[in-house]
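Readers should treat all values here as calculations from the given coordinates under stated rules, not as data from a laboratory. Since the structure is predicted, the reported quantities are computational estimates derived from the model, not experimental observations. Cβ atoms come from the backbone with ideal geometry, glycine included; neighbour counts cover every protein chain shown.
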Amino acid sequence: MLLFATSRANAADTVNVVIKLQKTNPNQIAVSITYPKSDADRVKLIFPSYLPGAFNEVATGNLASELLASNVDGASLALKKLSYNEYEIETKRSALKVSYLINDSWFTDYAKHGLMPQMGTVFKPEEFFLLNLGCVLPFLEGKEKLPVKVSVSKPAVLNGFSPLRKSVDAQNAETYVASNYLALIDNPIVFTNGYEITFRSGGTVFHCIANAYGKLSDQLLMKTLKPVCDGITKFCKGYPVKDYYFFILLLDSNDTKTRLSEEDFGAMQHSASTVMVLKNYQDNYKLQREIQATASHELFHLFQPLNIKTDLNSKLNMRAKVQTAHLWFYEGVTEYFSLLMQMREDLITQTEFITEMRNKMSLMQFYEPFSLTEQSEKSLMSGNETVYRNFYYKGAVVAMMLDLRLLELSQGQLNLQELLLRFKRSMNENYVVKDEELITELVRISSFTELNDFFNDFVGGTKAVDFNKFLPLIGWIYEPIREDTSQMYVNAAYRYDKGSKNIYVTNINIDQIGIQEGDVLLKINNKKVYKDNIDELMDKISNTNYNRSVTFLVKRKGQELKLTGKPLVVNKTQRNVVKVEKRPAPDKQFYRNVYKSGQLSTGKPYRLLN
Ligand SMILES: [Zn+2]
């Protein structure tokens, strides 16, 4: 009886949403929302301009069409469009119902809404519907705090997955509830004919939902994602959520009507999920790498990095821009940690790590001179969106240099990871750092005032980063440009798979011997190839003085093949080379071990023994 009374009382104070996935036009879904009675004569219906997890302004309202307002008896109410995201409705002080259609953002001109597919809506009626709820549902000013109930009617073959609490009402009907509007739009719902695989890592249950099990087996998906989650558990000492969802939607080229660029794909993180919309590479190995790198980056955002909360990023304003001088930090440190963790966990090799950082060095040079702080503040202004990319490049490179500087100052007792974990521990529920004091606070917690110079020069200022001031600490040497002549049999990337211990050949751009994408490299001239000797073996046979014939033994589709051929002699000009010293001095070896393992020196600082 009591329960009945409570639920009735709640019903009157709940926003009720009805979504119909089955429409005659496959690129649209139908939505209607009923709001409790209003005391105001006029109310504003607002589609959010900022979505949780995204930094750029979006015109979500432009996905809606045929918007109508009525009272509960069906009498229509006057409606005025104030802007692409906002409407004003004359309520006549009654309960209000709005109904409209939502278009597929992927099939709608991007310039009209600014929504990447992972932030928007993608409908593929036979296979899946991606609903990022911030693009589907507006809020009614003054009613944001009310609980929301979303009833969905759907094809019986599709099932819905979401971090939101769900109940199944019938074969073709499901209901989702959220405690308020913000909690609602922080979560997507994905309807798919695929199923869910789950695994546990560090006290968190991970749910993976993908649309294309044909090419991507569930074992492969698990094998790709679990090591990433385990690596981050170790790196960040646990997760802030109990359940986490990966939504992995793969699009074939014929699914992409007008836009085909790889930059159109990507991922977006929410408090309890990541939505990935990726190109369905034919090569499983490539796909696996893409999912691994994406999952790692997005999961690290849970810590933003490492759970840093400032007064700005701990609350979300859905209508106004949130400017922060530290955007570079949230993106750059996330990107850097993601790569560092993958190297530490053997999910990528040291060579791959260095290649990634070298690419970032080259790309950041296009933007120089570039103040990370200034550009962070400006990047939200329209016209400045492209500078955001440099936070992945310069932001990540500067984060690495900061990490090395910290190791040096502390003699191996403090790194960037530990500094941010300390920062996190220093905060509690009631204490958030003021956004403009983030750097000051980091320097204070580190106890190294010398860091102020680092931040002034390379973060606030535009001083060029001299990599040879930082990298030699761990016995890595930077060369801005290197020209040499070498003989080349294959030019490709060699990727190590931790599970199988296989070394795969991928990204082939020169091939003299008939090697193929995805071949497993077993031996070079009868020498067995390992993750730790491959660079050395390649250097040896690339030397123009090496005049023995060279044979590669590879495994392709279960068969072993011997491949040989004449090398190509090439003059190479390489930029931003990072050379790893083979036998570093003991102090460099010490720092290298600390850097690569993440095991900080606890006892005495390092001293040279004479
Ligand atoms: Zn990111």
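Brief remarks follow.
- Value of relative contact order over the chain, rounded to a whole percent, pairs C-alpha under 8 Å and six or more apart: 10 percent
- Region 389-438 - charge dipole about Cα centre, Lys and Arg +1 at Cβ, Asp and Glu -1, debye rounded to 20: 140 debye
- Of the Cα atoms belonging to region 338-420, the radius of gyration and Dmax stand at 14.5, 44 Å.
- Partners of K566 within straight-line reach, counting aspartates and glutamates whose Cα lies under 12 Å from its Cα and excluding those fewer than 8 residues away in the same chain: D511.
- Cross-link pairs beyond the 24 Å C-alpha cut-off, checked among K557/K582; K37/K112; K378/K424; K378/K434: K557/K582; K37/K112; K378/K424
- Stokes-Einstein diffusion coefficient of region 13-188, Kirkwood radius over Cα pairs, 37 °C, 0.692 mPa s, in µm²/s: 201 µm²/s
- Across the options S49, M427, T294, the greatest Cα extent toward the positive end of the charge dipole of the chain (unit charges at beta carbon of Lys, Arg, Asp, Glu) belongs to T294.
- Computed packing ranks the peptides 593-600, 135-142 as 135-142, 593-600, most packed first, by mean other Cβ atoms within 10 Å.
- Members of K223/K531; K223/K588; K226/K596 lying beyond 23 Å, as alpha-carbon distances in this model show: K223/K588
- Computed log₁₀ I(q)/I(0) - Debye formula, equal Cα scatterers, no solvent, region 486-567, q 0.20 Å⁻¹: -0.87
- Unit Cα scatterers, Debye sum, the chain: log10 I(q)/I(0) for q = 0.09 Å⁻¹: -0.81
- Across region 194-301, the volume of the C-alpha convex hull divided among the residues equals 93 Å³ per residue.
- A simple charge model with +1 on the Cβ of Lys and Arg, -1 on the Cβ of Asp and Glu and nothing else charged puts the dipole of the chain at about 1340 debye relative to its Cα centre.
- Only lysines eight or more places from K154 in sequence, or on another chain, were considered; those with a Cα closer than 19 Å are K20, K23, K124, K166.
- Restricting attention to the chain, close to 85% of DSSP beta bridges with both partner residues there are antiparallel.
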